[in-house]
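What follows draws every value from the coordinates through simple rules; no lab data is involved. The structure presented is a predicted model; accordingly, all values stated were derived computationally and were not measured. As a convention, Cβ positions derive from the backbone with ideal geometry for all residues, glycine included, and neighbour counts pool all protein chains shown.
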Amino acid sequence: MKRKLGLLTALCLLFSQTLSFGAVTMQDLRLPKTFYPGQSPYGKIVSVQENGQYPGFLTFSVSSPHGNYLVHGLANLRKCLHEIDVIEQLNAQQEDAGSGIADGAVDSIKDTGTGLKNLAVHPVDSVSGIGKGIGKLGGRIGGAFRKKEEGEKGDNYLSATKRQLAKQLGVDVYSRNPQLQAKLDSMAKARLGGRGIVAVATFFAPVGLVASAVVTVSNINSAADEMVNNYDRTDLFQMNQKALLALGFPKEKALQFLNHPYYTPRELTYMRLYLEKLSRVEGYKVLLDAAIAAVSEIPADKILHETQIAADSIGNNPRGMKLVLIPEGIILANQDMTALITAYDYLNSSMLGSRVTEKAVSFRQSLGKKSAQIWNGGAVAPDFAKAALAKGIQIQRMCLFGPGDTASEI
């Protein structure tokens, strides 16, 4: 009887906490003003819910004039809102400029810089379902586009122009947003085909506000972005493979990672640079195993973002540091303190929050450190932060999104 009552109590507690978490609002997240590149007149956040399979992660329903999105995670939300603004500004300017841009999609390219003639150009297959929900910008639905991201498959002759256009617009050329990909393809063809040149040339003057928005805030990411802007998919694959082999990873693991279905070439390059930065930290190699083992988009994003926070947080001389991977995140320890690095969208006084705090306390004790902190990639509820502080654990929030709330260097 006692066992049944205990089980019933536990279920009731879990259910109540799930309900309270599921009711989280955008106001609860208290996102900093710097999170949004600007007040968008186009993208509207309709609802936010806890992901049922992955506690601590949020799913956002976002509406726009060209379709509805279902976005997993704060990092993807930020990117999605920016992409919506770009798409809608391009749509508006296309209408003002006439049909030049749309007509720029040509069937052949003559006398291009490649010296080739009659080169057939085909747009990347778009994903159906606009209006029903595009899905994660890079999630399970993007199969047709993702096939072009596997392994060493090279880009076509639009790649350099397309990368240049994406950089000017401040968007990711490897974005899984099919509407954005269609726009970039059309504009790249217009430039290469010699049609719609005037329209494209005037395209960027009013878009300066959008183009100034940064895609990422990590210092390491900025270096990776330069590589992605300057090299095509094949070059990136080869450079990343060479770097991983130099770090001592087996070729089989390097290839598994570089062909992973849930990472774009940009994200693969990010991860490779994170690993290089962490290479003098004991235990860092488990991070590649975790990335390879990710079976869906949220676990893949989780380990990528946690590794980013870890890499950005260590100093230039990380001697005597130790890294331990646990289900909740990454334990990073130096001589004096431990940091539990997590990439949750929202931590509050739930079972997950309690478990994260307990792990921070436990590792502080087991590693014999003077202090411990929790560095979370996303938002943190004030009551949770106060409860953790009462146990001697300081919490940093919004560690993925710029200065102000980010973690200190360890």
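Applied to the stretch 168-182, the Karplus parametrisation 6.51 cos²θ - 1.76 cosθ + 1.60 on θ = phi - 60° returns per-residue 3J(HN,Hα) values of 5, 8, x, 10, 8, 4, 9, 4, 8, 7, x, 5, 5, 4, 5 Hz, with x for Gly and Pro. Rounded to the nearest Hz, the phi-derived 3J(HN,Hα) couplings of the stretch 325-338 under the Karplus curve 6.51 cos²θ - 1.76 cosθ + 1.60 (θ = phi - 60°) are 9, 10, x, 6, x, 10, 8, 10, 10, 10, 5, 10, 9, 10, where x marks glycine and proline.
Which of Lys167/Lys322; Lys285/Lys369; Lys251/Lys369; Lys253/Lys302; Lys285/Lys391; Lys44/Lys386 have a Cα-Cα distance over 28 Å? Checking Cα-Cα distances, Lys167/Lys322; Lys251/Lys369; Lys285/Lys391; Lys44/Lys386 exceed 28 Å.
Give the order of Ile314, Ile393 when sorted by the count of other beta carbons within 10 angstrom, beginning with the fewest. Intermediate results must be reported in sequence, preceding the final value.
On the way: Ile314 19, Ile393 22.
Least to most surrounded, the residues fall as Ile314, Ile393.
In sequence order, the stretch 386-395 has phi-based couplings of 5, 5, 5, 5, 5, 9, x, 10, 8, 10 Hz under the Karplus curve 6.51 cos²θ - 1.76 cosθ + 1.60, θ = phi - 60°, and Gly or Pro positions carry x.
How would the stretch 225-396 be classified by its alpha-carbon gyration tensor: rounded, prolate or oblate, with rounded meaning a/c under 1.5 and the a/b versus b/c comparison settling the rest?
Values: a/c = 2.34, a/b = 1.73, b/c = 1.35.
Cα axes put the stretch 225-396 in the prolate bin.
Under a 5 Å amide H cut-off, with hydrogens placed 1.01 Å from N, Ala372 pairs with Thr338, Gln394 among residues at least 5 apart or on other chains. The H on the amide N of Leu347, modeled in the peptide plane, is under 5 Å from the matching H of Ala379, Val380, Ala381, each at least 5 residues off or on a different chain.
In plain terms, the residue of Ile395, Ile220 with the fewest other Cβ atoms within 10 Å comes first and the most crowded comes last, giving Ile220, Ile395.
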